[in-house]
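Everything on this sheet refers to the single structure shown next.
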């Protein structure tokens, strides 16, 4: 037991004996949600190995990053109602344990769109990672290689698809924001396929922008001179830091794709042979449409609560999407996943793979590649632990019977 564990245990004994906490049950001192734990028990870690869960990396990242950069991670939309709903959705489900099952070995391997993966946990696309650590997506790619997880590269990454694949040592998937000027998207898609990417992830939940109030509050509190990197007088300077847009003649106005329809999938089919995954689906109707229009997988996501003010958690959307897809194509999901039990619940509801975003970026911001590796390692360990607890030694054993709704 390390010194941090001993210090926390000793402090917990002190709190339990204190009249301030008299009459409180032990579970109230060790609540499952970090927000409910007394702040005195939440010291900022100085080494990845000190972390007890991924929330320890969140606190470390907040202490490390400038306010505006942390605000980009922390923000939701409007009053953060969808951000909160993502986490609250997990509390509506409980796990049903099956006893007397041989779980001495657990198996988390799966096949997904031609990829043989050792874990259903994948690295969701997050852009501009050099805003969080100097090595950005390069450190993430090395961590993906070290821990053997699928990586999806954002098309607004600070690292090119060519470099990410070279570092990863295997193809990464390429996430695409659609553009009103299709030639911009075409240049990036062709480049990604030429680099060796085999799957394209089309994001469809930001077509009309989003109202990120918390981000603006963080920006207004940041007293640094940020004009060297953020020239507000020249918004298109953003593309100077995003290699996938080099030589595309992209403009910020191209991100307004409010006129986009399902015909965009057919357009993409004319320029690429890659698998096409549609990301941002949350309803029965859109899930059915995605299958009808030939998408190779459906990706349930609300952009981590950053895209819309629906107040509807991604996990709450998952059941109806899985039902609508009816096994025709794989179903992926992200938004709000922080624990192995969260991942297990999604798998029990029918997801084939589960993405994490903010947690690995917290690890990246605080410690670089070792932080990303530790986050992935912890989530994988938590998943295999809960699989053993629930009597489900392999992913194929995780089904509707392993979960209940409160």
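Please treat every number below as a calculation from the coordinates, not as lab data. Keep in mind it's a predicted model, so treat the numbers as computed, not measured. A quick note on method: Cβ atoms are made from the backbone with ideal geometry, for glycine too, and the neighbour counts reach across all protein chains shown.
When DSSP beta bridges are limited to those with both residues in segment 87-215, what percentage is antiparallel, rounded to the nearest 5?
On the way: 3 of 9 bridges.
Roughly 35 percent of the DSSP beta bridges within segment 87-215 come out antiparallel.
Shape of the chain from the C-alpha gyration tensor: oblate (a/c of 1.5 or more and a/b not above b/c, with a ≥ b ≥ c the square roots of its eigenvalues). Take every pair of alpha-carbon atoms less than 8 Å apart whose residues are at least six positions apart; their mean separation over the length of the chain yields a relative contact order of 25 percent.
With a cut-off of 16 Å on the backbone N, no residue of segment 336-350 is near the modelled label site 7 Å out from residue 320 along Cα-Cβ. Taking a ≥ b ≥ c as the square roots of the eigenvalues of the alpha-carbon gyration tensor, segment 44-200 is classed oblate because a/c is 1.5 or more while a/b is no larger than b/c. For the chain, a Gaussian network of Cα nodes joined below 10 Å ranks 327, 305, 294 by mean-square fluctuation, and the top entry is 327. Of the residues 268, 42, 395, the one that moves most in a GNM of the chain with alpha-carbon contacts below 10 Å is 42.
Only DSSP H runs of four or more residues enter the estimate; each adds -39500 (n - 2.57), and after division by the residues of the chain the mean residue ellipticity at 222 nm equals -11500 deg cm²/dmol.
In the elastic network of the chain, a GNM with C-alpha springs shorter than 10 Å, the most mobile of 65, 150, 200 is 65.
Here the peptides 374-382, 81-89 are ranked by packing, the mean other Cβ count within 10 Å, and the order with the highest first is 374-382, 81-89.
Would you mind calculating the gained length between residue 43 and residue 96 on full extension (0.36 nm times residue separation, minus the Cα-Cα distance), in nm to one decimal?
Working: separation 53, 0.36 × 53 = 19.08 nm, distance 3.35 nm.
Stretched out fully, the residue 43 to residue 96 stretch lengthens by 15.7 nm.
Ranked for footprinting exposure by Cβ neighbours inside 10 Å, fewest first, 279, 147, 323, 405 give 405, 323, 147, 279. With both residues required to sit in the chain, DSSP beta bridges show an antiparallel share near 20%.
A simple spin-label model places pseudo-atoms 7 Å from Cα toward Cβ; at residue 81 and residue 146 they are separated by 4.2 nm. Using the Cβ-Cβ distance between residue 284 and residue 194 with R0 set to 45 Å, the FRET efficiency from 1/(1 + (r/R0)^6) comes to roughly 0.75.
Where a ≥ b ≥ c are the square roots of the eigenvalues of the C-alpha gyration tensor, would you call segment 205-326 rounded, which needs a/c under 1.5, or, failing that, prolate if a/b is larger than b/c, or oblate? Don't skip to the answer; put the middle values down first.
Values: a/c = 2.93, a/b = 1.47, b/c = 1.99.
Oblate.
Available extension along the chain between residue 116 and residue 50 is 20.6 nm, counting 0.36 nm per residue and deducting the alpha carbon span.
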